[in-house]
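*Asks:* Let me give you the structure first, and then I'll get to my questions.
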Amino acid sequence: MRPSPVREITPAQAQELIDKGAALLDTREPHEWRAGHLSGATLLPPAELGARVEDVVSDKTRPVVIYCAAGARSLRAAFQLAGMGYQDVYSVAGGIGRWKAEERPWELPKDTPAIATNPRYARHLVMPEVGPEGQAKLNLAKVLFIGAGGLGSPALLYLAAAGIGTIGIVDFDVVDLSNLQRQVVHTEARIGMKKTESAAMTIKALNPEVKVVQHLEMLTDDNVDRLIADYDLVIDGTDTFETRYTLNDAAVRAAIPVVHASVFRFEGQLTVFVPFEGPCYRCLYPTPPPPELAPGCSVAGVLGVVPGVMGLLQATEAIKLILNLGDPLMGRLLIWDALDGTFSEVKLRRDPMCPACGVDAIARQAEAADAAFATAS
Amino acid sequence: MTKVRIPPVLRTQVNGQKEVEASGATVGEIFNDLVARYPQMGEQLLSSDGGLHRFVNVYLNGQDVRYLQLLDTPVAERDALIILPAMAGGATAAGATAGGR
């Protein structure tokens, strides 16, 4: 009996086959491809594989290496190819995730000339720290906003203007007259409209190149993993302890950075949580205060410009993270006092005993990943 | 006397002051002085066993006292203490919305 034409291989074995001339296929979706792919690969999403593969690899005796994100889709695809008569098909176990984890080379899709000459971004393009390459990174970036309110408004405007490719907004609220003192992404004519829709209209008017994804739901433990999964970073504009902890724990699980800010009357605070590189929210405050000691802020108010300034600082930190520029505000909490006109800073540390990102938590996560990997393979 | 910065959410406990002066050779002594003059600060800062609440962080010259000697951390006259309790930080009704701020 002939051995099965399908085998699972390691990234090292894949590299060897590619070097010897095997065809290389990427069977993921275009948005995953845009976040980086192997050099020399051809993108064939699962839905297009059957119809297009013979155009890409016409010789069915030529070895084919196929990968996806983690190795499950590519294994299914490998069997599909074998069924079509391909004689030598290899699926990369662990996919591009394992490939990247082993620090093997990969690349971003070739910079389209349109970005390098787009007059909209001329002031970015002339700066060597941004340039066409940096602008391409911004155009590929996917940023999720939790809330299109006081903090989200200015950050949404400037990140849209900067050409962030995809902006997701989680909000289930509608525009109210009392929002307009600070939530400048909305307008009086849109009172009663869903905030996500109003924000999308403003963004589209400013920069139609931005893709806006509206998530009309409240962030909960049940949907948080799904909501944040597709994004590179999260701008936290939540206003309850519950959502802050829900977001923090999920962001740590998915290793997605969170740009955090809070405002109160004439003051604001800002920091960046980069999972496993710096502290997370639970490193600072493992548990929320009991309700009776949580200071009530419903009647405290806020000067409209305070979330404006803090939201723009969040946008600034987001752009720094995407472009890998400067020193992110990681492990540091910035405190702005509008009345004094002062910025001060305190040092934040990662807590090795942190219930979300401490040593025990990492061990638990590694076990879960191993189990998932074993099931997938 | 050491200057203690009071966070906005606790200012009502100290008659609206942004900063108060307190005396003591350690963080604990300074807190005792503070609580003696502003009794309502007591339950906000300290748990029933006299320790610092886990949802309140205290910074001495920008460093978290949890990584120094907690309430036993020595304090000099010109040092600056900052109290930072966890805050949800919304300007809308707390808990009413996510992202409505």
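*Asks:* Part of a helix (DSSP H, G or I), touching a Leu at 6+ places or on another chain (Cβ under 9 Å), crowded, with 17+ Cβ neighbours inside 10 Å and aliphatic (A, V, I, L, M): which single residue out of A:L25, A:L49 fits that description?
*Replies:* Every option except A:L49 fails the conditions.
*Asks:* Still on this structure, please answer the following. Can we say B:L84 is under 30 Å from A:L303 (Cβ atoms), under 14 Å from the mean Cα position of the chain (by Cα), at pLDDT 95 or above and buried (at least 19 other Cβ atoms within 10 Å of the Cβ)? Full working, then the answer.
*Replies:* Details: under 30 Å from A:L303 (Cβ atoms): yes; under 14 Å from the mean Cα position of the chain (by Cα): yes; at pLDDT 95 or above: no; buried (at least 19 other Cβ atoms within 10 Å of the Cβ): yes.
No, not satisfied.
*Asks:* How many residues are within 30 Å of A:D230 (Cβ to Cβ) and either of a type in the set (A, V, I, L, M) or outside any helix (DSSP H, G or I) (or both) if we restrict to the stretch A:1-21?
*Replies:* Qualifying residue count for the region: 7.
*Asks:* Also, I was wondering about something else. A:E367 versus (1) more than 11 Å from chain B (Cβ to nearest Cβ); (2) surrounded by 11 or more Cβ atoms within 10 Å (Cβ to Cβ): which is the lone unmet condition?
*Replies:* A:E367 satisfies every listed condition except (2).
*Asks:* I'd like the residue in the stretch A:332-358 that is part of a loop (DSSP other than H, G, I, E, B) and within 9 Å of chain B (Cβ to nearest Cβ) and, out of all such residues, is surrounded by the most Cβ atoms within 10 Å (Cβ to Cβ). Explain how you work it out, then say what you get.
*Replies:* Going residue by residue through the stretch A:332-358, those that are part of a loop (DSSP other than H, G, I, E, B) are A:338-341, A:348-358.
Filter once more, keeping what is within 9 Å of chain B (Cβ to nearest Cβ): A:339-340, A:348-349, A:351.
On the way: A:L339: 10, A:D340: 12, A:L348: 23, A:R349: 15, A:D351: 19.
My answer is A:L348.
*Asks:* So which of A:T246, A:T240 is under 27 Å from A:P352 (Cα atoms), buried (at least 19 other Cβ atoms within 10 Å of the Cβ) and free of Cβ contacts under 8 Å to residues at least 24 places away in the same chain?
*Replies:* A:T240
*Asks:* I've got another one for you. Need pairs with beta-carbon distance below 7 Å; first residue in contact (Cβ under 8 Å) with a residue 12 or more places away in the chain and within the stretch A:27-42, second outside any loop (DSSP other than H, G, I, E, B) and surrounded by fewer than 16 Cβ atoms within 10 Å (Cβ to Cβ); sequence gap 6+ or separate chains.
*Replies:* A:T27/A:P46; A:G36/A:E107; A:H37/A:E107; A:S39/A:E107; A:T42/A:V56
*Asks:* Which residue pairs have Cβ atoms under 9 Å apart, sit 6 or more places apart or on different chains, and have a first residue in the stretch B:57-79 that is touching a residue at least 12 places away in the same chain (Cβ under 8 Å) and a second that is part of a helix (DSSP H, G or I) and aromatic (F, W, Y)?
*Replies:* From residues that are touching a residue at least 12 places away in the same chain (Cβ under 8 Å), the pairs are B:V58/B:F31; B:L71/B:F31.
*Asks:* Scanning the stretch B:8-50 for residues that are within 14 Å of chain A (Cβ to nearest Cβ) and assigned to a loop (DSSP other than H, G, I, E, B), which turns out nearest to A:C283 (Cα to Cα)?
*Replies:* Within the stretch B:8-50, the first condition is being within 14 Å of chain A (Cβ to nearest Cβ), and the residues that meet it are B:8-14, B:16-19, B:40-48.
Pick out the ones that are also assigned to a loop (DSSP other than H, G, I, E, B) and you get B:16-18, B:40, B:47-48.
Details: B:G16: 30, B:Q17: 29, B:K18: 26, B:Q40: 27, B:S47: 19, B:S48: 23 Å.
That would be B:S47.
*Asks:* Answer yes or no: is there a residue in the stretch B:57-64 that is within 27 Å of A:D239 (Cα to Cα), of a type in the set (F, W, Y) and at pLDDT 90 or above.
*Replies:* Taking every residue of the stretch B:57-64 in turn, at least one turns out to be within 27 Å of A:D239 (Cα to Cα), of a type in the set (F, W, Y) and at pLDDT 90 or above.
*Asks:* Condition first: at pLDDT 90 or above and closer than 19 Å to A:Y245 by Cα. Now tell me which residues in the stretch A:287-322 satisfy that.
*Replies:* Residue satisfying the conditions is A:Q314 alone.
*Asks:* Here's something else I'd like to know. Just to be sure before I move on: is A:P208 surrounded by fewer than 20 Cβ atoms within 10 Å (Cβ to Cβ), more than 11 Å from chain B (Cβ to nearest Cβ), assigned to a helix (DSSP H, G or I) and under 23 Å from the mean Cα position of the chain (by Cα) in the structure I sent?
*Replies:* no
The values are calculated or read from the model by the stated rules, or taken from the named source; none is laboratory data. Since the structure is predicted, the reported quantities are computational estimates derived from the model, not experimental observations. Note that each Cβ is placed from the backbone with ideal geometry, even for glycine, and that neighbours are counted across all protein chains shown.
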